[in-house]
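The values are calculated or read from the model by the stated rules, or taken from the named source; none is laboratory data. Because the structure is predicted, anything quoted here is derived from the model rather than measured. As a convention, Cβ positions derive from the backbone with ideal geometry for all residues, glycine included, and neighbour counts pool all protein chains shown. With ligands, DNA and RNA removed, areas are computed over all heavy atoms of the protein, side chains included. Shrake-Rupley method; radii C 1.70, N 1.55, O 1.52, S 1.80 Å.
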Number of protein chains: 2
Amino acid sequence: MERFDVNILGCGSALPTTRHFLSSQVINLREKLYMIDCGEGAQLQFRAMKLNFNRINRIFISHLHGDHCLGLPGLISTLGLLGRTSDLHIHIQPDAEKIFQPLLQYFCKELFFTVFFHAFDPQKNELIFEDRSLRVYSIPLKHRVPTAGFLFEEKPKSAHIIREMIDFYQIPISQIQAIKNGADFISPEGEIIPHSLLTRPADPPKRYAYCSDTAYYEKIIPLIEGVDLLYHEATFIEKDLQRATETYHSSARQAALIAQAAHVKKLVLGHFSARYPDENILLEEAQAVFSHTILANERMTLQV
Amino acid sequence: MERFDVNILGCGSALPTTRHFLSSQVINLREKLYMIDCGEGAQLQFRAMKLNFNRINRIFISHLHGDHCLGLPGLISTLGLLGRTSDLHIHIQPDAEKIFQPLLQYFCKELFFTVFFHAFDPQKNELIFEDRSLRVYSIPLKHRVPTAGFLFEEKPKSAHIIREMIDFYQIPISQIQAIKNGADFISPEGEIIPHSLLTRPADPPKRYAYCSDTAYYEKIIPLIEGVDLLYHEATFIEKDLQRATETYHSSARQAALIAQAAHVKKLVLGHFSARYPDENILLEEAQAVFSHTILANERMTLQV
């Protein structure tokens, strides 16, 4: 099983508490790291979780509220002090570059790498990034300011080779990658050994959806249908629904309703308001609707 | 004894570690809070130390390196969310306003208070702020960029009234403040009861000096002569003096030499490099020169 983990760096909402850091996560897909949101303190949690700064590849910012992106200048400054040389790519809204550049130009003037701001339209559901192993799509959400969630989708993987078969047919190493990718093996005697005999099927590609911050918004349901893991904000409980509606946030029950309607495999709640000393109240409310629910917590690593 | 405390929010140097936050302190002088430096995460530590956000009065920034000021936007944003209405005053270098304003204008647009940037010249030793109970002076330091430390000096305090004397002479409440401030009491019969008989002397005014970041710099010695508490950076040990000199930082021994020469009452070391897993090596090096030395640590509160 190849690694596809979500590391929770922070899952609090805008006000700091003693329990939670501000929003930030790091996806580890086969040892490449992709960050989602970067609230203040993200670099501290990054270090605390013993993640490797050199492996940060791309950063995806959901929206331009401070608790989701004010950790960027400090993180970039630290990457500079660590001697990073490979460019850093930030997928973010069009406004962001002009907002952050004066600060970066002052505090990060001695970088050996370039910070690229890639603007995307949070109001569209589209492919915003793709590499050899991954596609990332934006998911338009419903918040006070333009906001997008992200769908991280693994590309189809190659089949698992069956070692005993390789030994038995004395297949040269040079041909193994082709067989993994679907080829048959033709022996020196001309015998065709079919791919299916030499391999076990590939693991199905996994999908992870991040939906924060957002009010209850049914339009996302088809976009996250059947994902292996959904992180959905649950800032409030149902009793505080009026406050949730006013501020364009969700209750835990609403997060669970979305998870249920989208047939996701597992729901993780986050973006907790500081007002609930015991977040089990959120968990119980969501589990009453959708049992495969857990609470996010700092320094938690979830397998997708 | 009236309160004059230093709360250590962070005492690490530029790179985050699992042990230390970035530079930030909060002075509590008679329940008014004055912040010195505001590295990323300062607002998180502020909350963790159960300090009251409403009582932040002024912020003093030593220099424009990210680890000393990148916590400002997040802190200001949080003060806004908490409904602050009283203005916030930041004493900082002239460049700062134009660097921070684009970010503040975007992320902190709905504030009910104004953020004032008060520029001061870090190359001068001068009074930069004064209120009823306090004077703050800049202390020019020697660093890679213009940098100033700060001397916090209590104003002379009024004498302590001796309750038994008040009762004995039946002194009306209306006259007590005048007596505290130095007046004699004249009884209805015309008898003069001298101030010295009615009071115990005032506590001597206390002084606290913050010197970070700086290379070894003897010019500060007369400016911090005899302070009750000195926070001096000790990024390195003597063995790494070359690195200290290159980066305009101090060794623990150098901090102790300054403390000794300035006859300070107590030295607290901070701004620790990430390279020393056990900081007792810094403490021992300093104590060999100046025994009244301690190590700073997060969430520590020191009485001046």
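Between B:I173 and the same site in the other copies, what are the distances in nm, shortest first, taking label points 7 Å from Cα along the C-beta direction? Spacings between copies for this position, smallest first, are 9.2 nm. Taking the label point 7 Å along Cα→Cβ, B:S187 and its counterparts in the other copies are spaced 12.5 nm apart, in ascending order. Among the trypsin sites (Lys or Arg not before Pro) within the stretch B:57-118, those in coil by DSSP and having at most 11 neighbouring Cβ atoms inside 10 Å are B:K109. Shown here for the stretch B:57-144: GluC sites (Glu not before Pro) in loop regions (DSSP other than H, G, I, E, B) with at most 13 other Cβ atoms within 10 Å, namely B:E110, B:E126. Take the Cβ atoms of A:A274 and A:E218, set R0 to 41 Å, and the FRET efficiency comes out at 0.90.
Per-residue accessible area (protein heavy atoms, 1.4 Å probe) orders A:S133, A:S86 as A:S86, A:S133, starting from the largest.
The alpha carbons of the protein assembly as shown occupy a box of 124, 60, 39 Å along the principal axes, longest dimension given first. Overall form of the stretch B:233-304: oblate. Here a/c, set by the Cα gyration tensor axes a ≥ b ≥ c, is 1.5 or more, and a/b is not larger than b/c.
Keeping all protein chains in the complex and leaving out DNA, RNA and ligands, what accessible area do you get for A:E284 with a 1.4 Å probe, in Å² to the nearest 10? Near enough 120 Å² of accessible area. Whole-Hz Karplus values for the stretch B:143-155 come out as 9, 5, 10, x, 9, 10, x, 9, 10, 9, 10, 5, 6 Hz, taken residue by residue from phi with 6.51 cos²θ - 1.76 cosθ + 1.60 and θ = phi - 60°; glycine and proline positions read x. When both bridge partners sit in chain A, DSSP labels roughly 60% of those beta bridges antiparallel. Here is the list for the stretch B:165-244: GluC sites (Glu not before Pro) lying in DSSP coil, each with at most 13 other C-beta atoms within 10 angstrom of its C-beta, are B:E189, B:E191, B:E225. The distance separating the Cα centre of the stretch A:56-101 from that of the stretch B:130-188 comes to 48 Å. Of all DSSP beta bridges confined to the stretch A:88-185, the antiparallel ones make up roughly 65%. Peptide B:29-42 is shielded by partner chain Cβ atoms: per residue, an average of 2 of them sit within 10 Å of its Cβ. Output the antiparallel fraction of DSSP beta bridges having both residues in the protein assembly as shown, as a percent to the nearest 5. So the antiparallel bridges amount to about 60 percent of the total. Look at the stretch A:21-27: the mean tally of other chain Cβ atoms within 10 Å of its residues' Cβ atoms is 1. For chain A, what class follows from the C-alpha gyration tensor (a ≥ b ≥ c being the square roots of its eigenvalues): rounded when a/c is under 1.5, otherwise prolate if a/b is larger than b/c, else oblate? Oblate, because a/c is 1.5 or more while a/b does not exceed b/c. Normalising the average separation of contacting C-alpha pairs (under 8 angstrom, six or more residues apart) by the number of residues puts the relative contact order of the stretch B:1-102 at 22 percent. Between A:I186 and A:E31, the C-beta separation translates, for a Förster distance of 41 Å, into a calculated FRET efficiency of about 0.75.
Partner lysines whose Cα lies under 27 Å from the Cα of A:K265, excluding those fewer than 8 positions away in the same chain, are identified as A:K32, A:K124, A:K142, A:K155, A:K157, A:K206, A:K219, A:K239. For the segment B:43-53, counting C-beta atoms of other chains within 10 Å of every residue's C-beta and taking the mean gives 3. Relative to the other copies, what are the label-point distances for A:Q303, with labels 7 Å from Cα along the C-beta vector, expressed in nm at one decimal and sorted shortest first? Result for A:Q303, in nm, nearest copy first: 5.5. The listed residues B:D278, A:D213, once ranked by accessible area (1.4 Å probe) with the largest placed first, stand as B:D278, A:D213. Rolling a 1.4 Å probe across all protein chains gives B:M165 an accessible area of roughly 60 Å². How high is the relative contact order of the stretch B:146-276, in percent, with contacts defined as C-alpha pairs under 8 Å that are six or more residues apart? Reported as a whole number, the value is 24 percent. Summary value for chain B: 16 percent relative contact order, contacts being C-alpha pairs under 8 angstrom separated by 6+ residues. Computed from point charges on the beta carbon alone (+1 for Lys and Arg, -1 for Asp and Glu), the dipole magnitude for the stretch A:102-250 about its Cα centre is near 360 Debye.
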